[in-house]
Protein chains: 2
Amino acid sequence: MTPTGKKRRGELIVLSGPSGVGKSTVIAELLSSRRDIYFSVSFTTRQPRTGEADGVNYNFVSRQEFQRMIADGELLEFAEFVGNYYGTSLKVIREQLERGIDVLLDIDVQGAAKVKERCAEAVTIFLIPPSLEELSRRLHSRNTDNEEVIEQRLQRAREECRESTHYDYLVVNETVVSAAGTILSILEAEQCRTPKRLYFIDGIVGGKNGQE
Amino acid sequence: MTPTGKKRRGELIVLSGPSGVGKSTVIAELLSSRRDIYFSVSFTTRQPRTGEADGVNYNFVSRQEFQRMIADGELLEFAEFVGNYYGTSLKVIREQLERGIDVLLDIDVQGAAKVKERCAEAVTIFLIPPSLEELSRRLHSRNTDNEEVIEQRLQRAREECRESTHYDYLVVNETVVSAAGTILSILEAEQCRTPKRLYFIDGIVGGKNGQE
């Protein structure tokens with residue numbers, strides 16, 4: 001609570017990064033040190049894979065339900081990949097932000113651009129690898145893709161890094177702890193940006209920015 | 001050093017705040033945890049007070065020397081109070097920034113506005129008290145001013161708080177450690193702002209933002 005009794009609005013944080021950069025690990029680290037951050041789970045119409053849980057990896061919904069969400073304007077952004085829908089619920093996010101809770105979105109470059117368009121105050125962060133060589137090493141060490149797939153991922157990473165210039169912040173993922181720490185610093189800094197603190201000045205000087 | 005071999009430029013941080021807010025203590029805390037920050041000492045033509053050391057509290061110079069600095073465009077900002085000049089050396093600051101060293105300036109609201117005008121990338125931070133009541137308590141506990149002077153300082157604080165809306169960030173000085181920590185977070189975040197990281201993207205994708 002503030003001097004004027006107003007509660008601060010939560011921050012909407014959008015995190016993107018190329019495949020293999022270590023985004024999931026950074027997110028896990030972030031959420032473990034800031035348990036009050038709400039991690040927005042995407043909605044999808046695709047079938048759950050082995051080990052995936054509803055409400056954890058995705059909210060799994062029917063095609064019919066997803067189309068209803070589109071029609072009712074409930075989605076902040078959505079896209080169709082290989083016949084399946086993927087999207088972010090605006091309704092859920094808005095509720096959290098209004099309660100003063102910070103919300104973290106893990107979405108791709110196109111999704112991030114749509115979010116920024118609809119929600120200019122969103123804080124967009126792109127996680128970059130220290131170098132393409134290091135990204136290649138990380139992709140190889142995962143042991144999940146063959147050489148051809150890795151080459152495709154590296155090519156896509158190069159393209160995404162080019163598009164990353166539209167993000168507010170670029171965070172180099174040298175180590176998981178340092179990258180998560182930097183993102184927490186960005187969050188702390190963003191909360192101190194003057195437009196978000198005007199209510200505080202009002203509380204001190206009285207009235208609308210002191211224009212009594 | 002970066003992938004392209006370029007060194008990052010230092011950040012110019014401008015810190016202001018009303019009398020009694022605890023700015024000097026916060027600065028001392030900042031400088032003790034980040035010994036690589038260069039604290040810019042102002043130049044003045046006024047006489048040193050007891051306990052003040054040249055090069056520490058101020059750089060004490062003659063009126064003639066100060067006027068030469070003005071004439072030679074060596075000052076980022078300057079002002080005259082009660083017959084004495086006070087100013088900030090642009091030359092010294094520029095040298096530090098180019099070497100990649102962060103520079104901290106402790107100047108008033110008018111000085112900060114002039115710095116921002118000449119140096120748009122400067123990061124301006126205004127330190128605010130948790131409330132005017134708390135500021136009044138802090139001013140009383142210093143035991144240095146009489147009631148009339150304290151009342152004047154509070155009136156001035158109210159005016160400065162109104163002008164603080166021109167700053168990039170407002171940091172509430174609840175405790176010295178938390179305020180210094182927040183300023184360090186702001187510094188870390190600012191260094192990740194995309195325009196300051198484009199060289200990194202160049203290093204990854206090759207050429208000017210990857211437009212090979």
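Points worth noting:
- Residue within region A:95-111 that is of a type in the set (Gly, Ala, Ser), outside any loop (DSSP other than H, G, I, E, B) and under 17 Å from the mean Cα position of the chain (by Cα) present: yes
- When residue B:187 is tested against the conditions (1) outside any helix (DSSP H, G or I); (2) facing chain A (nearest Cβ under 10 Å), the lone failure is (1).
- Count of residues meeting criterion [closer than 15 Å to residue A:18 by Cβ and small (Gly, Ala, Ser)] in region A:153-182: 3
- Here the condition is being of a type outside the set (S, T, N, Q), surrounded by fewer than 17 Cβ atoms within 10 Å (Cβ to Cβ), more than 7 Å from chain A (Cβ to nearest Cβ) and under 23 Å from the mean Cα position of the chain (by Cα); of B:116, B:196, it holds for B:196 alone.
- As for region B:161-180, it holds at least one residue that is more than 16 Å from residue B:134 (Cβ to Cβ), more than 7 Å from every other protein chain (Cβ to nearest Cβ), among the β-branched types (Val, Ile, Thr) and within 22 Å of the chain's Cα centre (by Cα).
- Residue match in region B:64-80 (condition: part of a helix (DSSP H, G or I) and in contact with a His (Cβ under 7 Å, 6 or more places away or on another chain)): no
Okay, residues lined up against (1) under 30 Å from residue B:75 (Cα atoms); (2) surrounded by fewer than 19 Cβ atoms within 10 Å (Cβ to Cβ):
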| residue | (1), (2) |
| --- | --- |
| B:120 | yes, yes |
| B:126 | yes, no |
| B:137 | no, yes |
| B:141 | no, yes |
| B:148 | no, yes |
| B:151 | no, yes |
| B:166 | yes, yes |
| B:176 | no, yes |
| B:185 | yes, no |
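Coordinate-derived values only; no laboratory data. What you are looking at is a predicted structure, and each value in this text was computed from that prediction instead of being measured. Heads up, the Cβs are rebuilt from the backbone with ideal geometry, glycines too, and the neighbour counts pull from every protein chain shown.
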